[in-house]
Each structure stands twice: as structure tokens, then as C-alpha cells.
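First the structure, in the form of C-alpha cells, and then the observations on it.
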Amino acid sequence: MSAVADLLVVEDDETIGTALTSGLRAHGHAVSWQRTARSALAALSGRGFDLVLLDLGLPDLDGVELCRRIRSTQPGTVIVMLTARSQEMDVVVGLEAGADDYLTKPFRFGELLARVRAHLRRSAALPPSQAALAVGELVVDGAARRVTVSGTEVVLRTKEFDLLARLALDAGTAVSRETLMADVWDAHWFGSTKTLDVHVAALRRKLAACGTSPPPITTLRGHGYRLELPTD
Ligand code: CA
């Protein structure tokens with residue numbers, strides 16, 4: 001990742017905020033640091049950011065609620081939550097509220113940087129030149145980044161799209177968790193497997209909500225997932 005990215009750090013802890021901000025700036029990113037949810041929302045109303053690092057424990061507003069508000073106005077922004085171990089329960093809620101990923105404190109800066117880079121990189125899960133993949137009534141169009149089921153568009157977030165595209169590429173075949181994490185998130189993943197499961201759950205929910213009969217995503221316990229081919 002060589003292009004400069006616009007990052008927003010929302011963190012009330014001075015030590016962590018200073019370390020994150022100076023470290024990310026040293027790696028060439030433009031960083032805005034906000035210490036409250038209120039000031040973060042103000043910063044977000046003025047411009048878009050490529051990626052938001054969001055502390056869940058803020059003084060003025062629950063981080064999950066802030067995540068929901070950011071997601072509702074900035075669908076294309078990557079949101080990475082920063083959580084304390086005691087907030088593990090909030091992680092799933094946060095992912096469901098629209099976060100793309102999370103890191104548990106304490107984390108090494110190198111780990112955070114690797115995640116940020118992985119998220120900023122354009123996904124390689126499905127090359128844009130790839131012809132649209134059809135699996136039964138499901139069509140995944142990599143060039144348009146568009147998913148339809150029986151002609152009805154299903155609006156997906158970036159990682160949900162990438163995940164479905166990766167499964168569709170090997171439809172009818174088991175795809176391991178490791179492969180999905182590597183191809184959709186990063187080759188050097190540090191292991192937040194909840195992220196994968198929550199994204200699969202969201203995908204299933206959105207595909208089911210389109211009212212037709214999309215191919216199911218089968219859980220292969222201890223291995224991974226499989227997008228089923230039509231049986232007839
Ligand atoms: Ca905090």
C-alpha cells in the first residue's frame with residue numbers, strides 16, 4: 001500500500017492515541033485523531049475517511065452506537081474496532097453494527113499496521129476482469145461488484161461481497177477458514193475468527209432476505225464453508 005490513506009482514530013486514551021497517531025503518520029498515512037464520539041461525528045460530517053479505528057470505550061457515547069452511526073452515513077469506510085478484553089461480548093454486537101474487524105487491546109503496533117494495510121488493499125478475492133459467476137439463481141459480478149439473486153440485487157458490504165465472491169469461485173467445494181481469512185482479509189492473519197463467522201451470518205441473512213431461494217452456505221465444522229451448487 002503506497003498511496004496515502006485518510007485515517008480517523010477515535011480514542012480517548014492519550015497514550016494509545018498518541019502511539020497510534022504518530023505510528024500511522026510515520027508510515028505515511030494522514031491521520032485525524034478525535035477523543036470523543038461527538039468530535040468524531042463532527043469530523044466525519046466534513047469528509048470521508050478510508051478507515052476508522054474506533055475505541056469501543058468512549059466517554060460520551062457507546063462505541064457500538066457510534067459504529068452504527070458511522071456505518072449508516074459512510075457505507076464504504078472500513079471500521080476496525082479497538083476493544084478491551086472485557087468487551088469481548090461487544091465485539092459481535094459491533095460487527096453486527098457494521099464494523100469490518102476488531103483488535104483486542106493490548107496489541108502490537110505492527111499487528112495493527114498489518115491489519116490496516118490488509119483492509120486498505122483492494123481485495124484480490126475476485127479479479128475485476130473475472131466474468132460474472134453464476135451459482136444457480138445467484139450471480140456475483142466482480143466487475144460491477146454487484147450481487148443478484150433471481151435478478152434482485154442484494155446490497156452487501158465490501159467484505160461480505162469479497163467473501164461471497166471467494167465462495168462462489170469454488171462453489172460446490174469446501175473452502176477452509178484459513179483460505180477464506182487469507183484471501184478475503186489478509187495472507188498474514190492473526191486469528192480473529194469471529195470476524196469470519198459474523199460475516200457469514202450477515203451474508204446468509206441478506207441472501208435470505210431477498211425473498212427467493214439463493215444457494216445455501218453450509219458450515220463445515222472444524223474446516224470452513226461451502227457455497228452449495230444447485231441440486232437439479
Ligand atoms: Ca477508551
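The values are calculated or read from the model by the stated rules, or taken from the named source; none is laboratory data. Computed from a prediction, not measured in an experiment: that's the story for all the values here. Cβ coordinates were reconstructed from backbone atoms using ideal geometry, including for glycine residues, and neighbour counts include every protein chain displayed. Please note that ligands, DNA and RNA were not included when accessible areas were found on the heavy atoms of the full protein model with its side chains. Shrake-Rupley method; radii C 1.70, N 1.55, O 1.52, S 1.80 Å.
In debye, nearest 20, what is the charge dipole magnitude of the chain about its Cα centre with +1 on Lys and Arg Cβ and -1 on Asp and Glu Cβ, if you could check?
220 debye
Work out how far the C-alpha atoms of segment 143-183 reach from end to end along every principal axis, then list the three figures in whole Å, largest first.
Ordered largest first, segment 143-183 gives principal extents of 30, 21, 15 Å.
When ligands, DNA and RNA are left out and all protein chains stay put, how many square angstrom of accessible area per residue does the chain have with a 1.4 Å probe?
Roughly 46 Å² per residue, with all protein chains present.
Show me 78-87, 170-179 ranked by packing, highest mean number of other Cβ atoms within 10 Å first.
78-87, 170-179
Under 16 Å Cα-Cα from Lys159, which aspartates and glutamates qualify once same-chain neighbours fewer than 8 residues away are excluded?
Of all the aspartates and glutamates, those that pass the test against Lys159 - Cα under 16 Å, at least 8 places apart if same chain - are Asp50, Glu96, Asp100, Asp101, Asp141, Glu178, Asp183, Asp186, Asp197.
For segment 131-223, I need the span (max minus min coordinate) of the C-alpha atoms along each principal axis, in Å, sorted largest to smallest.
37, 26, 22
Out of the total accessible area of the chain (probe 1.4 Å, heavy atoms of protein only), what percent is carbon and sulfur?
That fraction is 52 percent.
What net charge is computed for the residues neighbouring Ala42, neighbours being all others with C-beta under 14 Å from the C-beta of Ala42, Lys and Arg scored +1, Asp and Glu -1?
Working: positive: Arg35, Arg38, Arg47, Arg69; negative: Asp60.
Around Ala42, the charge tally is +3.
Can you give me the three principal axis dimensions of the chain from its C-alpha atoms, in Å, biggest first?
Taking max minus min along each principal axis of the Cα atoms, the chain gives 60, 35, 31 Å.
One-quarter of the Cα convex hull surface for segment 6-124, in nm²? Kindly include the intermediate steps, with their values, before the conclusion.
On the way: hull surface 27.3 nm².
That works out to 6.8 nm².
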